[in-house]
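The structure appears below as structure tokens.
No lab work stands behind these numbers, since they all come straight from the coordinates. Since the model is a prediction, treat every value here as computed from it, not as a measurement. Here the Cβ is made from the backbone with ideal geometry for all residues, glycine too, and neighbour counts use every protein chain on show.
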């Protein structure tokens, strides 16, 4: 690929073990030569203990004012060590425009599977060595790769928001009402381009060879039967949205499963790059729409980290934690209720579980004005203080109702013979696999890996609270269920402490709040322990009021990598249970 | 008082017809038409009420109100739904096997409606007192399996096909413990006529009290035969969407729906007939029409239990369900048949036989509960700790 190998710089780390691998350093970030990257990756995983690939994403440097002289594309890896905890090792691998290729690391961290496919889909960076490199979020007839900076969406107006006034001279006279719609005056019009050789009228979906995750078909011993492929979804009652599982069946036994997603794709990240930093907060609500508060928290923490010198008032810190933990309870209640639904219960557990959820949503509504799309947090604090009496109401809920509700669910469900029979030993994921597939949250902890971002890399004020990381050894659906039950108890513990200690005071830093603010150039990866797992926000700033690159590491999306391996060998009914135990939300998966 | 006795009423009716100068053949024909109309009318209207009750009960179990908009207490909700179903487009999949596809819903309803013939609703209130009543019930019930299988196969849909697979597996499997448990009272009573079976259960000598375990096995199998939770795998909404009737719409779907709820009613009615003394109860010999009331009260009770179970439990997986039938229920039922056969031949007074059978049943029940619990736990153990098939290759390559 490259003509001349640069001289090995021995001052850079890891060059003694893999000579010529690291070709530069940018702060903490290592820039790695792409030919040497798999070798270094293997070394990092095996010898340095970086066994957890949190996030892989791409950046298009085309219009970045400070990156004129570097190659156009770069792939950014955030590696963590499960044993050590702590901060990431950031690796960047760059590829020029004419040859956008980076070696795949799926064989080293299988969790890179979907993320590399996403980068291929949205950036057009190819990953030689990837077993199944095809589009994941967009359809096969899509032209171009939308996160490239030179790709323009339909009815493109301007590069960045806020857009200029459509009628800069003020209110337009009545006769001008007959003018075409603004959309029709957009410079690129509807901007519908199809790939060459593509006739939209006669197009037939291409034959897709399903690889069924990383496993190929397996022959069952003994009985030879006809194999059928069943498409579960996109319209299916228990895929929790528009999600499709392509399942190969031998009778009732699953021999292969591949998730298909993207039906709800709206290119959240492209939208985020048009928006200003502040405009993005309501958009994050729509990621995992069950837990909008957690999404808010992750995003504002990332922006604050990028801003550097933000002094968040104490009360705002506490309010954020209270909201985030309430969200966790909401989410776990929902997840447990609908897991039971997937197991065939006729809505009763689901309706019992969301009873308390309603009360929490009432609190959210009182604080933020909306039950689900809260849009509550801001860089620097929270949007507004909670109304009078809110804290007492919350204390009452936390001290009296929630523990009882959790106990009730536990008492009704945990010992139920049918539940035990349906969930114990089903969807087994070993701890090694759970780490390798980059799963997070209850899936990871349900496999017995005690890893919680709140403890491993504390953010906000989580280091002040006394709580335990919940783990279960089973690695099955039941373990994930139990983790959720017990995590709710830990959340109640945190809530009790936070509601006891919350001080009076302002909730935003003093001074006038600005609608649009500039953020110093730089890049940041902030992850939080969202209820569904590790939610990461990767932001690159070029110093303008809009993020240059905005990436969401969505826990539902990456946890799905492990779905296929978890389901193979079990029955169709178990696939539904396993999917329910992963607890996905399509708003976040498809982004 | 005598006018309230259906037997007297029937005699009066027959005399009335004959007095008009009709021949015996015509009398039988007219009676058959009248009874058929009455039974069908009863069957179809009762379904409307059962659907309403199901939704209302599920609603209360789930902490909500249930239907309450159409009519008082939402009573007309089912009527509204039925009207809605009639206005729906009737869709046939393009490559469906048309004849089979169209025949299936009719067959499903036919199978259950035919069962109404042998149900003794009260003293003397039975359309046809067949001397092989129980056998007839079993035979006619099997038509329902045919209907589900035909629907599943003919729809040309993979979910429907899976539903069809499951139909064969589940309904045929549960037919066996059901028949065996039904044969326990039959053996004990020495007759297959449902009417005679009821008459033998006078004075609270209900077979369900004498042989509770057989009753329980019947109830479990009936849940499975009726495709209700925890055995609703045939139409498991969260797995195969609607199973064998996924492609049916409009009235054809309504027929399946009808068959389902009618089946609920009839399986309960048979349970009551065989095990809970049918129309027997206090003062029935004085006021025979009370028997009808007793019969319906008991039936409604069983139907309520079915609905309660449905609103409460998650469902079993296909292998667990089959294992439960073949490993637990069938051996249990066989043992009960053996016990009943022994009891019949014991040279004891009837009361002593009843007591013997009762206690041996209780012992069997505890054995069974233990067996089910152990079985489920074993199933769980069998899976847990099981290594994944192929993931190791991907993590260590």
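Kirkwood Rh, Cα Rg: Rg to Rh for region B:92-375?
Details: Rg = 19.3 Å, Rh = 19.4 Å.
Over the Cα atoms of region B:92-375, Rg/Rh equals 0.99.
How do B:99, A:582 rank when sorted from fewest to most other Cβ atoms within 10 Å of their own Cβ? Working shown, then result.
Values: B:99 10, A:582 27.
Fewest to most other Cβ atoms nearby, the residues stand as B:99, A:582.
Kirkwood Rh over Cα pairs of the protein assembly as shown into Stokes-Einstein at 25 °C, 0.890 mPa s: D in µm²/s? Let's see the in-between values first.
Working: Rh = 32.1 Å.
Once the numbers are plugged in, D ends up at 77 µm²/s.
Can you tell me the FRET efficiency between residue A:395 and residue B:308 if r is taken as the Cβ-Cβ distance and R0 is 41 Å, rounded to the nearest 0.05?
Details: r = 37 Å, r/R0 = 0.91.
Approximately 0.65, to the nearest 0.05.
Please compute P(r) over all alpha-carbon pairs of region B:220-296, binned at 10 Å starting from zero, and give each bin as a whole-number percent.
For region B:220-296, the binned pair fractions read 18, 34, 24, 17, 7, 0 percent.
Distance in nm between label sites at residue A:354 and residue B:367, each 7 Å beyond Cα in the beta-carbon direction?
About 4.7 nm, to one decimal.
So, R0 is 30 Å and r is the distance between the beta-carbons of residue A:365 and residue A:404; what FRET efficiency does that work out to, to 0.05? Mind dumping the intermediate values first?
Details: r = 22 Å, r/R0 = 0.75.
Efficiency for this residue pair is about 0.85.
Arranged by the count of other C-beta atoms within 10 angstrom, fewest first, what order do A:329, B:372 take?
Working: A:329 26, B:372 17.
Final ranking by Cβ density, sparse to dense: B:372, A:329.
Just want the ordering: A:136, B:49, from fewest to most Cβ atoms lying within 10 Å of their own Cβ.
Values: A:136 23, B:49 15.
By the 10 Å Cβ count, ascending: B:49, A:136.
Need one value for A:230-243: mean number of C-beta atoms belonging to other chains within 10 Å of its residues' C-beta atoms. Before the final figure, lay out the partial values.
Details: counts 5, 2, 5, 0, 0, 1, 6, 7, 5, 1, 0, 0, 0, 0.
Shielding by partners across A:230-243 averages 2.
Using just the helices of the protein assembly as shown, give the 222 nm mean residue ellipticity in deg cm²/dmol: DSSP H runs with n ≥ 4 each add -39,500 (n - 2.57), and the total is spread over all residues, rounded to 500. Spell out each step's value before the answer.
Working: 35 runs with 472 residues, N = 988.
Value at 222 nm, helices only, nearest 500: -15500 deg cm²/dmol.
What's the center-to-center distance, using Cα atoms, between region A:300-330 and region B:261-284 in Å?
Region A:300-330 and region B:261-284 have Cα centres separated by 63 Å.
Roughly how crowded by other chains is peptide A:422-433, in terms of the mean Cβ count from those chains within 10 Å of each of its Cβ atoms?
Counting other chains' Cβ atoms within 10 Å and averaging over A:422-433 gives 5.
Compute the Cα gyration tensor for chain A, then decide on rounded, prolate or oblate, letting a ≥ b ≥ c be the square roots of its eigenvalues: rounded whenever a/c is under 1.5, prolate when a/b is larger than b/c in the other cases, and oblate in all that remain.
rounded
Given an 8 Å cut-off on Cα distances and at least 6 residues of separation, report the relative contact order of chain A as a percent.
On the way: 1155 pairs, mean separation 92.3, N = 591.
Relative contact order, chain A: 16 percent.
Please report the spacing between the Cα centers of region B:321-345 and region B:131-149 in Å, no decimals.
Centre-to-centre distance over Cα atoms comes out at 21 Å.
Calculate the FRET efficiency for residue B:80 and residue B:110 from the Cβ-Cβ distance with a Förster distance of 35 Å, rounded to the nearest 0.05. Before the final figure, lay out each step's value.
On the way: r = 26 Å, r/R0 = 0.74.
Rounded to the nearest 0.05, the efficiency is 0.85.
With a 10 Å radius around each residue's Cβ, average the other Cβ atoms per peptide and rank B:275-286, A:558-569, highest first. Please report the intermediate quantities before stating the final value.
Details: B:275-286: 20.2, A:558-569: 26.2.
Averaged packing, sorted descending, gives the order A:558-569, B:275-286.
Only Cα pairs within less than 10 Å get springs; with that Gaussian network setup on chain B, which residue of B:118, B:272, B:33 has the largest fluctuation?
Looking only at B:118, B:272, B:33, the biggest GNM fluctuation is shown by B:33.
Suppose each label sits 7 Å from its Cα in the direction of the beta carbon; what would the residue A:314-residue A:372 distance come out to in nanometres?
Placing both labels 7 Å beyond Cα along the Cβ direction yields 3.7 nm.
Modelled label-to-label distance, residue A:68 and residue A:227, 7 Å Cα→beta-carbon offset: nm?
5.6
Give the separation of the Cα centroids, region A:53-111 to region A:383-403, in Å.
If you average the Cα positions of each part, the centres end up 43 Å apart.
For region B:92-375, what is the relative contact order in percent, using Cα pairs closer than 8 Å and at least 6 residues apart in sequence? Could the numbers behind the result be given before it?
Values: 434 pairs, mean separation 71.3, N = 284.
This gives 25 percent for region B:92-375.
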